Each structure stands twice: as structure tokens, then as C-alpha cells.
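Please treat every number below as a calculation from the coordinates, not as lab data. Every value quoted in this text rests on a predicted model; they were computed, and no experiment measured them. In this analysis, Cβ positions are derived from the backbone assuming ideal geometry, glycine residues included, and neighbour counts consider all displayed protein chains.
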Amino acid sequence: MKPAEARRLAERHDADALQAAAEALGDEREPAIAITGGDEGEKLTHVLLALRIRARLDAGEDLKTAYRAVMGEVRSVLSNS
């Protein structure tokens with residue numbers, strides 16, 4: 001996972017475009033937007049994270065705050081504590 005790719009996607013695309021990309025990847029089709037990733041699973045991870053960031057942006061948060069909040073949630077899920 002490359003968090004910077006999720007941030008880039010959230011910044012450049014609206015929620016509808018990101019949702020369409022997630023659906024395309026889920027259906028094993030090529031998404032209409034360019035997504036960097038080693039395989040379809042990594043690309044889908046980037047899009048899903050971007051959707052979470054985008055939702056915060058659409059709710060009025062700035063990009064930096066939204067990105068940090070979502071990445072903090074991911075870190076807490078991945079921690080062993």
C-alpha cells in the first residue's frame with residue numbers, strides 16, 4: 001500500500017469517480033481513472049482509502065487533516081496493541 005497514492009486519488013477525483021473505479025476493480029474491469037499499484041488488490045486498497053479521505057473532504061475537512069485521520073485509523077487497525 002502506498003498512502004500517497006490514496007491521497008492523490010482523493011485530491012484529484014470526486015466520490016462518484018472513485019466509487020466507479022472501486023466497482024470496476026471489483027468486477028475485474030479496468031477503471032476509468034489511472035491508479036498506481038502492483039496489482040488489482042493494491043489498486044482497490046488505494047481507491048477505498050481515497051473514498052474515505054474524499055468523504056472527509058466533502059464534509060469540509062482540509063486534505064491534510066482528512067489524510068492524517070484516515071491513515072491514523074489504518075495504523076490503529078494494523079497495530080498489535
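Let's see how each residue does on (1) more than 10 Å from the chain's Cα centre (by Cα); (2) not small (Gly, Ala, Ser):
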{"residue": "8", "(1), (2)": "no, yes"}
{"residue": "23", "(1), (2)": "yes, yes"}
{"residue": "48", "(1), (2)": "no, yes"}
{"residue": "72", "(1), (2)": "yes, no"}
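Output the residues belonging to the stretch 11-47 that are touching an Asp or Glu at 6+ places or on another chain (Cβ under 6 Å), part of a helix (DSSP H, G or I) and over 27 Å from residue 60 (Cβ atoms). Within the stretch 11-47, just 25 meets the criteria. Select, from 68, 54, the only residue that is of a type outside the set (A, V, I, L, M, F, W, C), out of contact with any Lys or Arg (no Cβ under 6 Å at 6 or more places or on another chain) and buried (at least 16 other Cβ atoms within 10 Å of the Cβ). From the options 68, 54, the qualifying one is 54.
Of all residues in the stretch 34-81, those that are farther than 18 Å from residue 1 by Cβ, of a type in the set (A, V, I, L, M) and touching a residue at least 12 places away in the same chain (Cβ under 8 Å) total 3.
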